[in-house]
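Have a look at the structure below, then the notes.
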Amino acid sequence: MVRDDFKGGKITLEKALKLLEKLGIQCNTIHVKYIFKDNDRLKQGRITIEEFRTIYRIITYREEIIEIFNTYSENRKILLEKNLVEFLMQEQYTLGFSKSIASEIIQKYEPIEEVKQAHQMSFEGFRRYMDSSECLLFDNKYDHVYQDMTHPLTDYFISSSHNTYLISDQLWGPSDLWGYISALVKGCRCLEIDCWDGSQNEPIVYHGYTFTSKLLFKTVIQAIHKYAFIASEYPVVLSLENHCSPSQQEVMADTLLATFGDALLSYTLDNFSDRLPSPEALKFKILVRNKKIGTLHETLERKGSDKHGQVEEFEEEEEIEQEEDGSGAQEPEPVGDFQDDSAKEEQSKRVVRIPLFRKKKVRQHFVKILQIKISMALSDLVIYTKVEKFKSFHHSNLYQQFNESNSIGESQARKLTKLIYNPSLGFTQLFNHVSLDIPSFPDKVKILFSLIVALNFQTPGLPMDLQNGKFLDNGCSGYVLKPRFLRDKKTKFNPHKVLIDNNPLTLTIRVRLLLPFFHSDTVCSAEFLNLLIFVQLISGIQLPPSYQNKADTLVIIEIFGVPNDQMKQQSRVIKKNAFNPRWNETFTFVIQVPELALVRFVAENQGLIAGNEFLGQYTLPVLCMNRGNILESYRRVPLFSKMGESLEPASLFIYVWYIR
């Protein structure tokens, strides 16, 4: 087959790449370019079949895989079916194993027909199996919805986005429908829509008081309708940051009803009139999150009536802190939520000033009285996700209804954590309102009731890496069931004070040249909550190349979770090798609460002046790591770009084992 491609003599780089693809070899184009150049002896940009074979051997040569293959091959040329069975049971720890599984692997990955027919496996077939999706670090049993989805909504972490319509800068960048589309196809289940009055009675979506561009509200809703349930069948929450006048709120309500039809949840479900439904009960439903007039019972009584022209008005307090110089305080800028000009003028007369302290700077504490006007037509579309201003944990515990939710900005959340870590208050109060550890996330994060931490999906970096890693679990459905100790309202769990009798998980990561085959006789019980984990980080595979393919590569392994679990360690630097670096080191992490822990692998190019260059990363929940049916297995760690795009075939090769 290869000879046919060389009938004309020599082939170019482009044809060499196509031939490698035809042969089923994944490769990085830049790496191939450098290898092609090194093996083009005449420097004509064309190579012979012998030169191509050399390139093929360089790309497919994996010393670490050869070592494993030779350990189980009787003649170092072929694996018999019984040899493959032995490998799978000894190294991959596949229990309940049968010869039929080994036969299926041979049939799927062995490229040489006569070897396949003899129920044997060549090194090439073995390498293809080891590079396949079956050997990924993420356990494929978690790539579908496997959790109980009948708990109330508050029992789940929910994937959520902040300023979803923005795709770059939040002051000057464009608003774009792609922000909503990309979030939805990634499994995001809560979208933010900043709504403002537009011309010709058409509400618009943009980041208010900035220079970002504008979208029509109706086009945003149409895009959401098209993509809402592509990645997940579970409910989507539309969190409206509503700055519109009552007349344009009515337009919003009409648009939502006309576009979503029966998918829009506009009345309580049967059996859920006084409690939150589950994701299962809300499959393929759209929920509107906004301020609401009156009770759910009153909404039901208005069913079928014409609500156009009906507007309710009420007052709401807003507290603002502002630093000013000592020469005199300035009025704060009016906030435009649901306000007309007369309301803003009235509000400016009712601002209360309370100076907290005075030095060179004065910190003023303002209490604004906002006049809120809400259209009844839009209000009645809010069922289980009513927005209620957060006052205090005590107030919420006494008065907050099951369908009411709070938005808490990060700065406020940081202040609240100082209170909730007071043993007399108990950690339970935090988990009645928020889902994740606040300090792990950046500024301008929004925390919505007990479900959601909303992130800027358009901003790549660590926060989104953690977000994407967290929601790999449960089939990327956007809903992950909280651990039992976070679902219990009487929980005494405190991330800063893990119980002394809580058996910690120890994660040891070894970066090794030669692999010691470690087999444990430890018997594990499913009743244990914590594990002792060892991971050998063996090698890198075609890491994203830097300048002239000479990256000085290193690996950083990080654990994110409760404060005592968070740790970062780094491998040594392999000079001028991004193609196939090898390490020989050991890292150990003690993880006390693995249920909340994420592990992150980061490959970097060392930079002594400008800092390290990011090459790729992979993040996943610790308990979703593939470790075979009991303890041990070889696994591949795929790498992703800053934007979350796959960098295949770039990956890390590891050996992982657990002891409970």
>> Could you report the accessible area of Tyr209 in Å², rounded to 10, computed with a 1.4 Å probe on the protein chains as they sit in the structure?
In response: 150 Å²
> Using the Cα gyration tensor of region 166-322, with a ≥ b ≥ c the square roots of its eigenvalues, what is the shape: rounded (a/c below 1.5), prolate (a/b larger than b/c) or oblate (neither)?
Replying inline: oblate
> Quick one: ranking Leu23, Leu184 by accessible area, 1.4 Å probe, largest first, what do you get?
Replying inline: Leu23, Leu184
>> Under 20 Å between alpha carbons, and skipping anything fewer than 8 positions from Lys492 in its own chain: which lysines qualify?
In response: Lys418, Lys482
>> Sort Phe229, Phe534 by heavy-atom solvent-accessible area, probe 1.4 angstrom, most to least.
In response: Phe229, Phe534
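What is region 40-136's relative contact order, in percent, from Cα pairs under 8 angstrom and six or more apart in sequence? Display every interim value, and only then the final one.
Working: 73 pairs, mean separation 22.0, N = 97.
Taking the mean separation of contacting Cα pairs over the length of region 40-136, I get 23 percent.
So for region 22-95, averaging the separation of alpha carbon pairs under 8 Å that are six or more residues apart and normalising by length, what relative contact order in percent results?
Over region 22-95, the number comes to 16 percent.
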> Remind me, what semi-axes does region 368-414 give for its equivalent ellipsoid, largest first in whole Å, using sqrt of 5 times each Cα gyration tensor eigenvalue?
Replying inline: 21, 15, 11
> Per 10 Å bin, what percent of the C-alpha pairs of region 580-644 does each bin hold, from zero upward?
Replying inline: 15, 40, 35, 8, 1
>> Would region 67-140 count as rounded, prolate or oblate if I go by the C-alpha gyration tensor, calling it rounded below 1.5 in a/c and otherwise prolate when a/b exceeds b/c, oblate otherwise?
In response: rounded
> So what's the net charge close to Val573: Lys and Arg +1, Asp and Glu -1, counting the other residues with Cβ under 14 Å from its Cβ?
Replying inline: +1
> So how do His395, His31 rank on accessible area, 1.4 Å probe, biggest first, that is with the largest at the start?
Replying inline: His395, His31
> Rounded to a whole number, what % of the accessible area of region 16-148 do carbon and sulfur atoms account for, probe 1.4 Å?
Replying inline: 50 percent
> What list of whole percents do you get for P(r) of region 103-238, with Cα-Cα distances grouped in 10 Å bins up to the one holding the largest distance?
Replying inline: 11, 27, 20, 16, 15, 9, 3, 0
>> Could you tell me the center-to-center distance, by alpha carbons, between region 13-41 and region 593-608 in angstrom?
In response: 31 Å
> Just the accessible area for Val590, please: 1.4 Å probe, Å², rounded to the nearest 10?
Replying inline: 70 Å²
> Among residues other than Asp131 whose Cβ falls under 13 Å from its Cβ, what is the net charge (Lys/Arg +1, Asp/Glu -1)?
Replying inline: +2
> How many Å² of accessible area per residue for region 172-328, probe 1.4 Å?
Replying inline: 47 Å²
> With a ≥ b ≥ c the root eigenvalues of the C-alpha gyration tensor of region 547-625, is it rounded (a/c under 1.5), prolate (a/b larger than b/c) or oblate?
Replying inline: prolate
> When the accessible area of region 204-274 is computed with all protein chains present and a 1.4 Å probe, what percentage of it is carbon and sulfur?
Replying inline: 51 percent
> In the neighborhood of Asp254, defined by Cβ-to-Cβ distances under 14 Å, what is the net charge if each Lys or Arg adds +1 and each Asp or Glu adds -1?
Replying inline: -2
> Using a 1.4 Å probe, how large is the accessible area of Phe640, given in Å² and rounded to the nearest 10?
Replying inline: 60 Å²
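The values are calculated or read from the model by the stated rules, or taken from the named source; none is laboratory data. For clarity, every value in this text was computed on a predicted model and none was experimentally measured. Please note: Cβ atoms are built from the backbone with ideal geometry, for glycine as well, and neighbour counts cover all protein chains shown. Side chains included, ligands, DNA and RNA excluded: accessible areas come from the protein's heavy atoms. Shrake-Rupley method; radii C 1.70, N 1.55, O 1.52, S 1.80 Å.
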